[in-house]
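**Student:** Attaching a single structure in structure tokens format; questions to follow.
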Amino acid sequence: MYQSVDYDVVVAGGSVAGLLCAREIAGKGHKVLVIEEDYEIGTPEHCGGLVSIMGIDDLGIIPMRATLDNKIRSARLISPSGKSVTLDARPQQVIVLDRREFDKQIAHQAQTNGAEIQVRTSLREITKDGVRTTDGNIKCKIIVDARGVSSLIHKDRTGTMQSAQYEVYADWIDKERVEVYLDQEKYPGFFAWIIPTRRDEAKVGVAGKGINPAVVLEDFLKQKGSYSTVRKIFAPIWIKGPIKEFVTKNVVIVGDAAGQAKPTTAGGIYSSGLGGILAGNAISKFLKSEKEKDLQEYQKEWLDRFGKEFERMLLARSLLERLDNKSINVLFESITPQVLDEISKEGSFDFHTTSVAKLLGVKGSVKAIQAILGNELRRLLS
């Protein structure tokens, strides 16, 4: 039996992209239902929560006090040998969000616009007339898949890495500084990170190819010193860039489910969130016109905004994965204060491949690195 209430749109997934999509559609007068499989919007929190103020402003959100965990003043990058370089993060206005509160804030925006939200409800199947869920069948015109990386895993496992992130209390945490540890032997193809949230509190995580992230993370934490763990999260991350088709018939894919997270860091609050907004606008237009080209406009607009940057990120990822620890150490020895100053002043948190290119192309580096990377590095630098 179908539920008596029909909807224009059912959004499967109550995270940033899905909720922003629902907000836009409901705000234009259409009937929207968001279904979320977990028992609470914003839980579990897989994300590090880093974003620029410019990015969330673009999403139409002013974070409430409960939503804003921290402001970041610097980012410290550490090589396998232990040498570090520090970037000034203040010009890029980077903040740390409490994702549980942030998602709830967007959910409230969507609900205020008229969207309905239903937790503990999962999408089971797309049917001829709508969707089948754990709570029954629902008729709708459009289905939005915003279920995150989980909806991609069965399609392409080569695009995922396993990650672990613990929330810890420790006296070695610098409240104003993010730390990134590069080591191709410990974290192949990725890195370890420390993202401070409050005084003596941080999200500490690792990801990499072919590793047991829990074992590696606990070894990393032991080397840092004493700590207390208050939450453990294990989740796959997607690093392969956008999928080929965001729209298939009446199914629209947004956010991590569409591969809209950064291939370099797997962060996606801004790029995935904007995907949700662009999809919501396209769906609203389609519901009035019933012209398929209006629905397809979503993918074109997202690629116009992010396509070239994501191509560069994928190139940067392929280059960085080919550097061994010796090459990374050589690179760090070659980075000058002038380069760090340029990146700090000119770099963008949301579009950061120019900064990566500056680091890879520093003068004096790097004949060894140039030999490894060759023409691909020149493409990135151009």
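**Student:** Once you've got the GNM for the chain with C-alpha springs shorter than 10 Å, pick whichever of 130, 268, 205 has the biggest mean-square fluctuation.
**Tutor:** 130
**Student:** Taking just the C-alpha trace of the range 199-326, give me its Rg and Dmax in Å.
**Tutor:** Values for the range 199-326 (Cα only, Rg and Dmax): 18.9, 60 Å.
**Student:** Suppose we flag chymotrypsin sites (Phe, Trp or Tyr not before Pro) only when DSSP calls them loop and at most 13 other Cβ atoms lie within 10 Å. Which is the longest uninterrupted stretch of the chain?
**Tutor:** On the way: sites that count: 39, 172.
The segment 173-382 is the longest one with no such site.
**Student:** With θ set to phi - 60°, apply the Karplus curve 6.51 cos²θ - 1.76 cosθ + 1.60 along the range 195-204 and write out the HN-Hα couplings as whole Hz, x wherever there is a Gly or Pro.
**Tutor:** 3J(HN,Hα) across the range 195-204, in whole Hz: 10, x, 10, 8, 4, 6, 9, 7, 9, 10.
**Student:** Same structure again: Nearest 0.05, what FRET efficiency do residue 219 and residue 174 give at R0 = 30 Å with Cβ-Cβ as r? Show your work: numbers first, answer last.
**Tutor:** Numbers: r = 21 Å, r/R0 = 0.70.
The formula returns an efficiency of 0.90 here.
**Student:** When the Karplus curve 6.51 cos²θ - 1.76 cosθ + 1.60 is applied with θ = phi - 60°, which whole-Hz ³J(HN,Hα) does each residue of the range 28-40 get, with x for Gly and Pro?
**Tutor:** Karplus-based 3J(HN,Hα) across the range 28-40 equals 9, x, 9, 8, 10, 10, 9, 10, 10, 6, 7, 7, 8 Hz.
**Student:** Across 5 Å bins from the origin, how do the percents of Cα pairs in the range 78-233 run, short distances first?
**Tutor:** 2, 7, 12, 15, 15, 14, 11, 10, 7, 5, 2, 0
**Student:** Can you give the Rg to Rh ratio of the range 125-213, both from alpha-carbon atoms, with Rh computed by the Kirkwood formula? Intermediate results must be reported in sequence, preceding the final value.
**Tutor:** Details: Rg = 19.4 Å, Rh = 16.3 Å.
Dividing the radius of gyration by the Kirkwood radius yields 1.19.
**Student:** Lys/Arg Cβ at +1, Asp/Glu Cβ at -1, dipole of the chain taken about the Cα centre: which of 254, 336, 181 is farthest positive-ward?
**Tutor:** Most positive-ward Cα: 336.
**Student:** Along the three principal axes, how long is the range 166-247 when you take its alpha carbons, biggest first, rounded to the nearest angstrom?
**Tutor:** Extents along the principal axes: 46, 28, 21 Å.
**Student:** So between residue 291 and residue 245, what do we pick up on full extension, going 0.36 nm a residue minus the alpha carbon distance?
**Tutor:** Numbers: separation 46, 0.36 × 46 = 16.56 nm, distance 1.76 nm.
Length gained between residue 291 and residue 245: 14.8 nm.
**Student:** Here's another thing I want to ask about it. Charges only on Cβ, +1 for Lys and Arg, -1 for Asp and Glu: so what's the dipole of the range 158-238 about the Cα centre, in debye to the nearest 20?
**Tutor:** Approximately 180 debye in magnitude.
**Student:** Another question, if that's okay. Taking H placed 1.01 Å from N in the peptide plane, check which residues at least 5 places from residue 208 or on another chain put their amide H under 5 Å from its amide H.
**Tutor:** Under 5 Å from the amide H of residue 208 lie the amide H atoms of 162, each far enough along the sequence or on another chain.
**Student:** On to the next question. Tell me which residues come under 5 Å, amide H to amide H, from residue 69 once H is placed; ignore anything under 5 positions away on its chain.
**Tutor:** For residue 69, whose amide H was placed from the backbone, the distant partners under 5 Å are 96, 97, 98.
**Student:** With θ taken as phi - 60° and the coefficients 6.51, -1.76 and 1.60, list the Karplus ³J(HN,Hα) couplings across the range 232-245 in order, rounded to whole Hz; mark glycine and proline as x.
**Tutor:** These are the phi-based 3J(HN,Hα) values: 10, 10, 10, 7, x, 10, 10, 10, 9, x, x, 6, 6, 10 Hz.
**Student:** Another one. Let me see the P(r) profile for the chain: every Cα-Cα distance counted, bins of 20 Å, each bin given as a percent of all pairs.
**Tutor:** Once binned at 20 Å, the Cα pair distances of the chain give 28, 56, 15, 0.
**Student:** May I ask you to list the lysines whose Cα is less than 29 Å away from that of residue 326, ignoring any residue fewer than eight positions away on the same chain?
**Tutor:** Hits, sequence-local ones excluded: 83, 186, 203, 209, 222, 224, 240, 262, 345, 358, 363, 367.
**Student:** Report the semi-axes of the equivalent ellipsoid for the range 199-258 in whole Å, largest first, where each axis is √(5λ) for an eigenvalue λ of the Cα gyration tensor. Kindly include the intermediate steps, with their values, before the conclusion.
**Tutor:** On the way: eigenvalues 243, 39, 14 Å².
The answer is 35, 14, 8 Å, longest axis first.
**Student:** Positive end of the dipole of the range 158-238, charges at C-beta (+1 Lys, Arg; -1 Asp, Glu), about the Cα centre: which of 169, 213, 235 has its Cα farthest in that direction?
**Tutor:** So the residue we want is 235.
**Student:** Along the charge dipole of the chain, pointing to its positive end and built from +1/-1 on Cβ of Lys, Arg, Asp and Glu, which listed residue (313, 114, 60) has its Cα farthest out?
**Tutor:** Farthest towards the positive pole: 313.
**Student:** Another question, then. With each pseudo-label sitting 7 Å past Cα toward Cβ, what's the residue 311-residue 62 distance in nm, one decimal?
**Tutor:** 3.9
**Student:** Taking the Cα centre of the chain as origin and charging only Cβ (+1 Lys, Arg; -1 Asp, Glu), how large is the dipole, in debye to the nearest 20?
**Tutor:** Numbers: 53 positive and 50 negative charges, 126 e Å.
Taking the Cα centre of the chain as origin, the dipole is about 600 debye.
**Student:** How large is the Kirkwood hydrodynamic radius of the range 63-108, counting all unique pairs of alpha carbons, in Å? Intermediate values should be presented prior to the final figure.
**Tutor:** Values: mean 1/r = 0.0807 Å⁻¹.
It works out to 12.4 Å.
**Student:** Only residues of the range 303-342 count here: report those whose backbone N is under 19 Å from the spot 7 Å along Cα→Cβ of residue 54, or say none.
**Tutor:** Backbone N within reach: 303-313, 340-342.
Each reported figure results from applying straightforward, stated rules to the coordinates on display, with no laboratory input. Predicted model, so just to flag it, every value in this text is computed and none were measured. Cβ atoms come from the backbone with ideal geometry, glycine included; neighbour counts cover every protein chain shown.
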